[in-house]
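What follows is a single structure, written as structure tokens, with notes after it.
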Amino acid sequence: MKKVTAVTAMVCGIFLFLATGCATTRYVGERVGLLETRINAIELRLDAMESQLNSLSGDVSTMQGELRDVRGMTQDARDAAAQSAAAANAAAARAEAAADRVQKIFELKQRK
């Protein structure tokens, strides 16, 4: 009888151990499930951020292109202003030369 009681106690101990192991396994499984859910949520947010980053990269590229265009137009305006200034200087020089000629003609007329 003592042996039966001892074996019964051992069997009960094994069942308790297995039950505890099953409970622990369930608990760990639930925790893993929760972690997987959180990881999935994080991955979704990362995908959204990556999409936003790609969109922003496209916007930055567009802005860089627009800035290049503006720089080109600014340089064209500078070139045109430089050409206009050169033309204005040439016209001023011609006007001064013409004024000198008029003055000389006037002086010649005064002598006669």
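Listed values, structure above:
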read-out	value
For segment 83-92, 3J(HN,Hα) per residue [Karplus equation, 6.51 cos²θ - 1.76 cosθ + 1.60, θ = phi - 60°, Hz, x = Gly/Pro]	5, 5, 5, 5, 5, 5, 5, 5, 5, 5
Net length gained if the chain between Cys12 and Ala41 were fully extended (0.36 nm per residue, minus Cα distance)	6.1 nm
Debye, to nearest 20: dipole size of the chain, +1 on Lys, Arg Cβ, -1 on Asp, Glu Cβ	340 debye
All lysines inside 16 Å of Lys104 as judged from Cα atoms, apart from same-chain residues fewer than 8 positions distant	Lys112
Karplus-derived HN-Hα couplings along segment 34-47 (A = 6.51, B = -1.76, C = 1.60, θ = phi - 60°), whole Hz, x at Gly and Pro	4, 5, 5, 4, 5, 4, 4, 5, 4, 4, 4, 5, 4, 4
Hydrodynamic radius of the chain per Kirkwood, over alpha carbon pairs, in Å	24.3 Å
Sum of -39500 (n - 2.57) over DSSP H runs of 4+, divided by residues of the chain (222 nm, nearest 500)	-38000 deg cm²/dmol
Choice from Thr62, Thr37, Thr20 with maximal GNM fluctuation in the chain (Cα, 10 Å cutoff)	Thr20
HN-Hα J in Hz across segment 53-59 - Karplus 6.51, -1.76, 1.60, θ = phi - 60°, x for Gly and Pro	5, 4, 5, 5, 4, x, 4
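Every read-out reported here was derived from the displayed coordinates using simple, explicitly stated rules and does not represent laboratory data. This one's a predicted model, so the numbers in the text were calculated from it and none came from an experiment. All Cβ positions, even for glycine, are placed from backbone atoms using ideal geometry, and neighbour counts span all protein chains on display.
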